[in-house]
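A.B. asks: Pasting a structure here, questions to come.
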Amino acid sequence: MDNPFDLSSDIAWCPGCGNFAILKALKSTLSELNYEPHEVVLVSGIGQAAKIPHYLRVNVFNGLHGRSIPVAFAVKSANPRLVVIAESGDGCMYGEGGNHFVHAIRRNPDITVIVHNNQVYGLTKGQASPTSEEGFVSKVQTLGSLSAPFNPLSIAIAQDASFVARGFAGDIEKLKEILKQAITWPGFALVDVLQPCVTFNRVNTYTWYRERAYYLDVQYDPEDRVKAFEKSLEWGEKIPLGIFYRHRKPTYQEKFYALVSYPHLLYRERAVEEVLDRELQYFQ
Amino acid sequence: MVDRTVKIGGAAGQGVQTVAEILSVILRRSGYYVFSLEDYQSRIRGGHTFTQIRFANQPVHAAKKSIDLLVCLDSLTHELHHSEVAPQGFILGHVSPQESSASLGRLIAIDFEKEAVNLGDRIFANTVAIGALSRLLGLAPQRVEDYLAQVFSKKGQEVIEKNIAAFRRGAELVGENKLFGEETIDPPENPPRFLLDGNQALGLGALLAGCTFYSAYPMTPSTGIMNSLASKAKEYGILVEQAEDEIAAINMALGASYAGARAMTGTSGGGFCLMVEGLGLAAMTETPIVIVNGQRPGPSTGLPTRTSQADLHFVIHASHDEFPRFVFAPRDPQDAINLVIRAFSLAEQYQVPVIVLSDQYLADSKVAYQDVVVTEPVKRPLPVDGQEEYCRYALTPSGVSPRAIPGGKALVVVDSDEHDECGHLTEDLTIRVRMHEKRMKKWEAMKRETRLPFTMVGRDVNLIGWGSTWGVLWETRKELARKGIEAGIIHFNELWPLPQGLRDILRSLVSPIVVEHNYTGQLAELLEQETGVELGERITRYDGRPFLIEELCARVEEVWGRG
C-alpha cells in the first residue's frame with residue numbers, strides 16, 4: 001500500500017546514515033496512526049537531521065538552529081487540532097536549543113520531540129556534540145572532549161517530563177512502537193534516538209550499539225520517577241532502550257483552553273467600535 | 001488659562017507612582033488635560049524617583065521644566081528639586097535640613113508619615129499627601145473622596161474610612177494656602193474623558209487588531225504591553241506567554257503566526273538584539289509578525305529605565321542580507337493604537353516583519369484625550385484555502401504569494417533555508433535568485449505604502465523629528481510663536497521605507513533642525529542619505545531624559561540666533 005506520507009526527493013544524507021531509518025519509522029508510524037499529511041506539522045531546526053521534514057509529505061516549519069521547540073509549542077497552542085512534532089539533531093536540540101528544551105518540559109505542551117542523537121556534529125563536519133563522550137577526539141577537540149556529555153533523559157526525568165523514551169535507529173520496528181506511543185501521548189514526549197553517524201563517529205557505530213543496547217522489559221515500571229532516573233544513568237556496558245518514564249498530567253494546551261472560551265487562536269475578528277467602547281472605560 | 005506642573009518625588013517603593021496615578025485621574029475627572037512623565041531608577045526600593053504631572057484646561061502634549069508644586073515624599077526630593085520650583089509655587093512635605101532656606105517657593109512642611117502614624121498606620125502617608133495637594137490645587141474634596149473609595153473598594157469599608165480620614169487630615173494641614181490664589185479655573189468646553197500611556201495604547205491597538213498571541217520576555221520599558229494584553233487574556237482568548245528568553249519569544253510568535261494567529265512580541269534594544277535571528281527568519285519564511293522595540297539608552301544594558309531614540313539605524317538594518325520591512329514610531333498613545341493596527345494589517349498584506357519603535361518616554365507617559373479615535377481599519381487578508389498542489393512561495397507579479405495556514409488541504413511548507421516555490425530547501429542558485437527577487441519585489445509597493453510625515457512648514461525655522469517627540473515639538477512651536485518665531489514641524493511616524501516625495505518637502509525648508517534623543521542624529525543621517533538634501537543642524541539629547549518644552553525652545557532659539 002502506498003504511504004500517503006511518501007515524497008520523492010533528493011535526500012542529502014550520507015549512504016548508510018541512521019537518519020534513513022528514522023525517516024522510514026516516522027512515515028510508517030504516521031501512516032499506521034491513520035493521520036493525514038495535512039493534520040501533521042513537522043518543525044525542525046538546522047543540521048542533517050533537521051532536513052527530515054523535506055523528505056515526507058507534511059506541513060513543515062524548518063526554522064532556525066536550536067529553535068524548533070518554541071515554534072512547535074506555539075503552533076500547537078494556536079491550533080490544538082494539529083499533530084505537532086519537533087525533530088532535529090542532538091546539537092540543535094540539546095546544544096543551541098538547550099534552554100528551550102529545559103523550559104518546554106516545564107510548560108508540558110502536547111508536542112513530540114524527536115532527537116536524532118549521533119553524538120557528533122555532522123553538517124559542520126565532525127566536531128563534538130553536547131552528547132559526545134568525554135575524550136572524543138575531533139579536528140576541534142584535538143585533546144579529546146574535555147566536557148562531560150549531556151544526559152537528555154536524566155534531565156527530562158529530573159524535570160518531570162511527561163513522556164521520556166529512547167530508541168535506536170538500528171531497530172525500525174521497535175522505534176515505530178515507541179514513536180506511536182510518544183506521538184499519541186498527551187503532553188511533552190521526548191524520544192531520543194541513538195543514531196550512528198557513519199561518516200564522523202567511528203566510536204558509536206551500529207555494532208557498538210548492538211553490543212550494548214537492550215530493551216526495558218515488561219517488569220519495568222515507567223511510572224516510577226526515581227527508578228526511571230536511575231535507569232537513565234545507565235550507559236556504557238549496557239544501554240537501555242524503550243519508555244523510561246511516563247507521567248500523565250494536564251498539558252499546557254489543556255490548561256489554557258480550559259480557562260478561555262475559545263477553541264483556538266486563529267482568525268478572530270473583533271468588533272472594533274464595541275471593543276473600543278468597552279476597553280476605554282478602564283482609562284477614564 | 002490654567003497650565004501647571006506638579007512634581008511628586010520619593011524613594012522607589014514609597015508610592016510616588018500611586019500618588020501620581022490617583023492625582024492624574026482626579027485631575028482628568030476634574031476636567032483638566034493631563035500629561036505625566038515618569039522618571040525612575042532600575043531598583044525596587046530606595047533611590048530617587050519622580051513623576052511630573054502637567055495639567056491644563058486645554059490639551060497638553062509634553063512636559064515643562066518649571067514646577068508649581070513640588071510634593072516631597074522624602075527629604076531627598078526637596079534637596080534635588082527645590083530649585084526647579086517657580087516663584088509663587090509651593091513645596092509640600094518632607095524638608096531637607098540643608099536646603100530649606102534656599103528655596104524659591106513657599107514651603108509647607110508636613111511629615112506625611114508622622115501624620116499617618118497618628119491616624120493609626122504609616123500606610124496612610126500617601127493619602128495624607130493626596131489630601132494636602134488636593135487642597136492646594138483647589139480640587140473638589142467630594143470628587144477625590146469618591147475616587148479614593150473606588151480605589152480602595154476591594155479592601156473593605158474600614159480601609160476606605162481610614163483613607164478618607166487621612167485625606168481630610170492632609171487637607172487640614174494645608175489650611176488656607178492655595179496654588180491658584182484668585183485665579184479662576186475654567187473647565188474646558190470639551191473636557192478630556194480618557195487617560196492612557198503608550199504601553200496601554202500599544203496593548204489596546206493589538207487587541208483591536210485581533211492579536212491572539214503575545215510572547216515576550218519582561219524588559220523595561222516594554223513589559224507594560226505584556227501586562228496590558230495579559231489583563232485581557234481570559235476575556236478575549238489571548239495567549240500571553242512569558243518566554244525563557246527573547247529568542248524563544250520571537251520564535252514562538254512566528255510559530256503562532258505560521259499556524260494562523262495574529263502574533264506580536266515586544267522587547268527593548270537588548271532583547272531585540274537576541275531577536276534579530278528571528279527577524280531574519282520572519283523575512284525568509286515570509287511570516288507576518290509585529291515586533292515592538294521600546295528604546296532605552298545603551299548599548300548593552302545601558303540605562304534600563306530611561307528614554308532614547310538611538311535604535312533607528314539598528315532596526316532598519318538588523319539581520320544579515322537584505323529584506324523588506326516596515327518601521328513605524330508612534331507619536332503618542334493615540335497614534336500608537338492606530339499604528340499597531342496598521343502594523344498588523346501591513347505585516348499580513350506584505351507577509352513581512354513590522355517593527356514598532358516605542359521608547360520609555362512614550363511607554364510611560366500618560367496623556368489625556370477628549371476622544372480616542374481609531375482611524376485605521378483592521379484589515380486582514382483571509383488565508384487562502386489551498387489545494388493539494390499548493391505552493392507557499394508561488395511566484396506572483398507582486399512578490400506576495402497566497403498564504404495558507406496548516407490544517408486545511410494544502411500542505412504549508414516554510415523554510416529558513418533558501419527554498420523553492422513549494423518551500424523545500426534548495427541549492428539551485430537560479431531558484432535562489434528568483435526567490436530573493438520575489439522577496440525584494442515587495443519593497444517597491446511598500447515604498448508607496450508609507451505615509452508622508454506630519455508637515456506644517458514654518459517661515460523661520462523647521463523642526464524635524466520622529467516618534468515620541470511629536471508632542472514636545474508641537475508645544476515648542478507654540479512657545480516659539482509667542483516669541484515671534486514661526487517654527488514648522490516635519491514629524492515622521494512611518495520611517496521605513498521612507499515615504500516617497502520627501503526630497504521636495506525637505507528642500508523647501510528654511511533652517512531645518514533635526515531634533516532627536518540620540519547622539520548622531522540618526523533620522524537626519526537617514527534623510528540625508530536617502531534624499532541627498534543636507535539638513536545641517538541637529539539638536540540632540542541622550543542623557544536618558546526627554547526634551548522639556550523650555551529647554552528645547554531655548555536650544556532652538558540658540559541655533560536659530562546663530563543662523
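Table: residues versus (1) within 14 Å of another protein chain (Cβ to nearest Cβ); (2) under 26 Å from A:GLN281 (Cβ atoms); (3) out of contact with any strand residue (DSSP E or B) (no Cβ under 9 Å at 6 or more places or on another chain).
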site	(1), (2), (3)
B:ALA11	no, no, no
B:GLU21	yes, yes, no
B:SER24	yes, yes, no
B:LEU27	yes, yes, no
B:PHE35	no, yes, no
B:TYR40	no, no, no
B:THR51	no, yes, no
B:ARG54	no, yes, no
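A.B. asks: Select from region B:312-336 the residues that are in contact with a strand residue (DSSP E or B) (Cβ under 9 Å, 6 or more places away or on another chain) and not in a loop (DSSP other than H, G, I, E, B) and list them in ascending order.
C.D. replies: Listed by number, the residues that qualify are B:LEU312, B:PHE314, B:VAL315, B:ILE316, B:PHE326, B:VAL327, B:PHE328, B:PRO333, B:GLN334, B:ALA336.
A.B. asks: Quick one: which of A:LEU266, A:LEU259, A:LEU276 is surrounded by 15 or more Cβ atoms within 10 Å (Cβ to Cβ), more than 23 Å from the chain's Cα centre (by Cα), within 23 Å of A:PRO186 (Cβ to Cβ) and within 14 Å of chain B (Cβ to nearest Cβ)?
C.D. replies: Of A:LEU266, A:LEU259, A:LEU276, the one residue that is surrounded by 15 or more Cβ atoms within 10 Å (Cβ to Cβ), more than 23 Å from the chain's Cα centre (by Cα), within 23 Å of A:PRO186 (Cβ to Cβ) and within 14 Å of chain B (Cβ to nearest Cβ) is A:LEU266.
A.B. asks: Look through B:VAL515, B:VAL510 and report the one residue that is closer than 18 Å to B:THR469 by Cβ and either part of a helix (DSSP H, G or I) or touching a strand residue (DSSP E or B) at 6+ places or on another chain (Cβ under 8 Å) (or both).
C.D. replies: Testing whether each residue is closer than 18 Å to B:THR469 by Cβ and either part of a helix (DSSP H, G or I) or touching a strand residue (DSSP E or B) at 6+ places or on another chain (Cβ under 8 Å) (or both) leaves just B:VAL515.
A.B. asks: Counting residues that are in contact with a helix residue (DSSP H, G or I) (Cβ under 9 Å, 6 or more places away or on another chain) and either charged (D, E, K, R) or closer than 30 Å to A:VAL75 by Cβ (or both), which helices (runs of 4 or more DSSP H) fully inside region A:140-239 reach at least 2?
C.D. replies: Ranges flagged: A:152-158, A:172-184, A:225-232.
A.B. asks: What single numbered condition from (1) of a type in the set (Asp, Glu); (2) in contact with a Leu (Cβ under 6 Å, 6 or more places away or on another chain); (3) surrounded by fewer than 20 Cβ atoms within 10 Å (Cβ to Cβ) fails to hold for B:ASP415?
C.D. replies: Failed condition: (3).
A.B. asks: Mind telling me which of the residues B:TYR217, B:TYR236 ends up being modelled with pLDDT of 95 or more, closer than 19 Å to B:LEU274 by Cβ, of a type outside the set (D, E, K, R) and not assigned by TED's automatic domain parsing to the domain that holds B:ARG106?
C.D. replies: Answer to the check: B:TYR217.
A.B. asks: Same structure, new question: For region B:1-32, what are the residues that are crowded, with 20+ Cβ neighbours inside 10 Å and touching a His at 6+ places or on another chain (Cβ under 9 Å)?
C.D. replies: B:LYS7, B:GLY9, B:GLY10
A.B. asks: Within region B:424-475, how many residues turn out to be in a helix (DSSP H, G or I), polar (S, T, N, Q) and farther than 24 Å from B:PHE328 by Cα?
C.D. replies: Residues flagged as in a helix (DSSP H, G or I), polar (S, T, N, Q) and farther than 24 Å from B:PHE328 by Cα within region B:424-475 amount to 1.
A.B. asks: Take B:SER308 and decide whether it is modelled with pLDDT of 95 or more, more than 12 Å from chain A (Cβ to nearest Cβ), closer than 21 Å to B:PHE35 by Cβ and in contact with a Pro (Cβ under 9 Å, 6 or more places away or on another chain).
C.D. replies: It is true that B:SER308 is modelled with pLDDT of 95 or more, more than 12 Å from chain A (Cβ to nearest Cβ), closer than 21 Å to B:PHE35 by Cβ and in contact with a Pro (Cβ under 9 Å, 6 or more places away or on another chain).
A.B. asks: Being in contact with an Asp or Glu (Cβ under 8 Å, 6 or more places away or on another chain) and free of Cβ contacts under 8 Å to residues at least 40 places away in the same chain narrows it down to one of B:VAL117, B:VAL85, B:VAL128, B:VAL60, so name that one.
C.D. replies: Every option except B:VAL85 fails the conditions.
A.B. asks: Okay, moving on. Of the conditions (1) in contact with a Ser or Thr (Cβ under 7 Å, 6 or more places away or on another chain); (2) more than 30 Å from B:THR305 (Cα to Cα), B:ASP417 fails just one. Which one is it?
C.D. replies: (1)
A.B. asks: Also, quick follow-up: Does region B:234-252 hold any residues that are at the interface with chain A (Cβ under 7 Å from one of its Cβ atoms), in a helix (DSSP H, G or I) and either of a type in the set (D, E, K, R) or in contact (Cβ under 8 Å) with a residue 40 or more places away in the chain (or both), and which are they?
C.D. replies: Within region B:234-252, B:LYS234 is the sole residue that qualifies.
A.B. asks: Looking only at region B:236-262, how many residues end up being among the charged types (D, E, K, R) and under 17 Å from B:PHE344 (Cα atoms)?
C.D. replies: Here the count works out to 1.
A.B. asks: Is it true that A:LYS249 is under 30 Å from A:ASN204 (Cβ atoms), away from every other protein chain (no Cβ under 14 Å) and at pLDDT 95 or above?
C.D. replies: Taking the combined requirement at face value, the residue does not satisfy it.
A.B. asks: If we keep just the residues of region A:46-81 that are part of a loop (DSSP other than H, G, I, E, B) and more than 9 Å from chain B (Cβ to nearest Cβ), which is surrounded by the fewest Cβ atoms within 10 Å (Cβ to Cβ)?
C.D. replies: It comes out as A:PRO80.
A.B. asks: Being closer than 30 Å to B:GLU388 by Cα, more than 14 Å from chain A (Cβ to nearest Cβ) and β-branched (Val, Ile, Thr) narrows it down to one residue among B:VAL457, B:VAL472, B:VAL433, B:VAL413; which is it?
C.D. replies: B:VAL433
Yes/no matrix, rows are residues, columns are (1) basic (Lys, Arg); (2) crowded, with 23+ Cβ neighbours inside 10 Å:
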{"site": "B:ASP321", "(1), (2)": "no, no"}
{"site": "B:GLN351", "(1), (2)": "no, yes"}
{"site": "B:ASP371", "(1), (2)": "no, no"}
{"site": "B:LYS379", "(1), (2)": "yes, no"}
{"site": "B:ARG392", "(1), (2)": "yes, yes"}
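A.B. asks: Now, a different point. Can you tell me how many residues within region A:245-277 are aliphatic (A, V, I, L, M), part of a helix (DSSP H, G or I) and farther than 10 Å from B:GLY237 by Cα?
C.D. replies: Here the count works out to 4.
Residues are listed down the side, and each one gets a yes or a no for (1) buried (at least 16 other Cβ atoms within 10 Å of the Cβ); (2) free of Cβ contacts under 8 Å to residues at least 60 places away in the same chain; (3) within 12 Å of B:LEU552 (Cβ to Cβ):
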| position | (1), (2), (3) |
| --- | --- |
| B:VAL457 | no, yes, no |
| B:LEU463 | yes, no, yes |
| B:THR476 | yes, no, yes |
| B:ASN493 | yes, no, no |
| B:PRO497 | yes, no, no |
| B:ARG507 | no, yes, no |
| B:VAL515 | yes, yes, yes |
| B:LEU523 | yes, no, no |
| B:GLN529 | no, yes, no |
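A.B. asks: Suppose we filter B:SER300, B:SER257, B:SER231 for residues that are without any contact (Cβ under 8 Å) to a residue 40 or more places away in the chain, of a type in the set (Ser, Thr, Tyr) and within 13 Å of chain A (Cβ to nearest Cβ); which single one remains?
C.D. replies: B:SER231
A.B. asks: Now for a separate question. Quick one: B:ALA368 ticks every box in (1) more than 11 Å from chain A (Cβ to nearest Cβ); (2) within 22 Å of the chain's Cα centre (by Cα); (3) of a type in the set (Gly, Ala, Ser) except a single one, so which number is it?
C.D. replies: Unmet condition: (1).
A.B. asks: Right, something else. Being under 17 Å from the mean Cα position of the chain (by Cα) and acidic (Asp, Glu) narrows it down to one of A:GLU39, A:GLU87, so name that one.
C.D. replies: Exactly one residue qualifies, and that residue is A:GLU87.
A.B. asks: hydroxyl-bearing (Ser, Thr, Tyr) and within 20 Å of A:ILE11 (Cβ to Cβ): does that describe B:SER398?
C.D. replies: The answer is no for B:SER398.
A.B. asks: While we're on this one: Among the residues of region B:469-478, are any of a type outside the set (Phe, Trp, Tyr) and over 21 Å from B:TYR369 (Cα atoms)?
C.D. replies: Looking for residues that are of a type outside the set (Phe, Trp, Tyr) and over 21 Å from B:TYR369 (Cα atoms), one finds none in region B:469-478, hence no.
The values are calculated or read from the model by the stated rules, or taken from the named source; none is laboratory data. Quantities reported herein were computed from a predicted structural model and do not represent experimental measurements. Note that we place each Cβ from the backbone using ideal geometry, even for glycine, and neighbour counts take in every protein chain shown.
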